[in-house]
Amino acid sequence: MILAMARAATTTDAFNAVAEPRRRQILDLLTHGERPVNDLVAEMRLPQPLVSKHLRVLREVGLVDVRDMGRQRVYCLNGQPLKPIHDWIRAYEASWSSRFNRLDEVLEELKDQELGDQKRGDKED
Amino acid sequence: MAATATSGTAVVTLPSDTQIQTTRELNAPKHLVYKAWTTPELIKRWWAGDHGVATVAEVDLRVGGTWRYAMTANQGFEVAFHGEFSEIVPNERIVSTDIFEGMPDGGAAVTTVTFTEEKGRTTLTILTQYPSREIRDMVIASGMEGGLQEALDDLEEVAISLN
């Protein structure tokens, strides 16, 4: 039930795709520009079928695009599907920022109080 | 960026597949941050942020003790969380479960709050460990459906106020 709900939102798909460390590694490698699949295999030191499997997942959620160049398949990064995650993190940050801004106010009061207490303590000494 | 700024920006990261971490620097020593974080009447003043009005803040601050916070959200509904403390090191560290009452099937997340002081300022770190990646993703998905725009508006206000 929970699983079904989580999967229902398309925005979590790219998120799930990048949750896998090897797939993040592929995305990192592609940030420097497009790469043929053999290149990725060599760099990652993983069996080719495994790299291809990860590339397929990334393709399905649109995080990478592929084109044929002669006999080679060349992959490139497409960051657009990550935007919802980026937006969510910004929203989550903002939600906490509004709490922290109030916490700032409370803390300023507590500091003033402590300072006041210290002054009173000094007078009593 | 301004040297006079008293408050930093909240920074959210996803350290692993099942975690969300939020950090924020506060311009106060850690014993005061700890006090604001654990004293019910003070919690009520900050916990709801701009999202509503805090109505409940109950804290039985001891290992095995429970906490419960509730707010009436701006949209009129009640939002409540509760949990149980499993570790308390005063002014240093609090570990507790963290259950959203609107999602009882979601299982308990575990939240670790650490207070680190340097030169009179405190870095607050809130690390939430979810029981599974699916549940963390669901928290993220629900965060996107509700309140995204509101939160972005807040962000704008915050950005303006920092100028």
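Where a number appears in this text, it was derived from the coordinates with a stated rule and is not lab data. Small disclaimer: the values here were computed from a predicted structure and weren't measured. All Cβ positions, glycine included, derive from the backbone under ideal geometry; neighbour counts span all protein chains shown.
Hydrodynamic analysis of the stretch A:82-124 uses the Kirkwood radius over alpha carbon pairs. Inserted into Stokes-Einstein at 37 °C and 0.692 mPa s, it gives a translational diffusion coefficient of 256 µm²/s. Charge tally around A:L30: other residues with Cβ under 14 Å, Lys/Arg +1 each, Asp/Glu -1 each, net +2. With the charge dipole of the stretch B:73-143 set up from +1 on Lys and Arg Cβ and -1 on Asp and Glu Cβ about the Cα centre, the Cα lying farthest toward the positive end among the listed residues B:S96, B:V79, B:T114 is that of B:T114. Computed from the C-beta positions of A:K119 and A:E60 and an R0 of 45 Å, the FRET efficiency is 0.10 to the nearest 0.05.
On full extension, the segment bounded by A:K53 and A:V37 gains 4.6 nm, given 0.36 nm per residue less the C-alpha separation. Legend: mean number of C-beta atoms from other chains within 10 angstrom of residue C-beta atoms, peptide B:45-51, equals 6. Counting beta carbons within 10 Å around each of B:V33, B:V113, A:V66 and listing the fewest first gives the order A:V66, B:V113, B:V33. Ranked by how many other Cβ atoms sit within 10 Å of their own Cβ, fewest first, the residues A:M69, A:M44 fall in the order A:M69, A:M44. Inter-chain Cβ neighbour count for A:80-93, averaged per residue, equals 5 (cutoff 10 Å, partner chain atoms only). Between A:L40, A:L50, A:P81, the Cα set farthest toward the positive side of the dipole of the stretch A:34-91 (charges on each charged residue's Cβ, about the Cα centre) is that of A:L50. A Förster radius of 30 Å, combined with the Cβ-Cβ distance separating A:L29 from B:F100, puts the computed FRET efficiency at roughly 0.20. For chain A, the mean residue ellipticity at 222 nm estimated from helices alone is -23000 deg cm²/dmol, where every DSSP H run of n ≥ 4 contributes -39500 (n - 2.57) and the total is divided by all residues, rounded to the nearest 500. Between A:R90 and B:R121, the distance separating the two model label sites (each 7 Å from Cα on the Cα→Cβ line) works out to 2.5 nm.
Model label sites at B:V63 and B:S132, defined 7 Å from Cα along the beta-carbon direction, differ in position by 3.0 nm.
When each of the peptides A:33-41, B:94-102 is scored by the mean number of other C-beta atoms lying within 10 Å of its residues, the order from highest to lowest reads B:94-102, A:33-41.
How big is the Kirkwood radius of chain A, worked out from every pair of different alpha carbons and given in Å to one decimal? It is 18.4 Å. As a proxy for reagent exposure, A:H32, B:H31, B:H82 were ordered by neighbouring Cβ count within 10 angstrom, fewest first; the result is A:H32, B:H31, B:H82.
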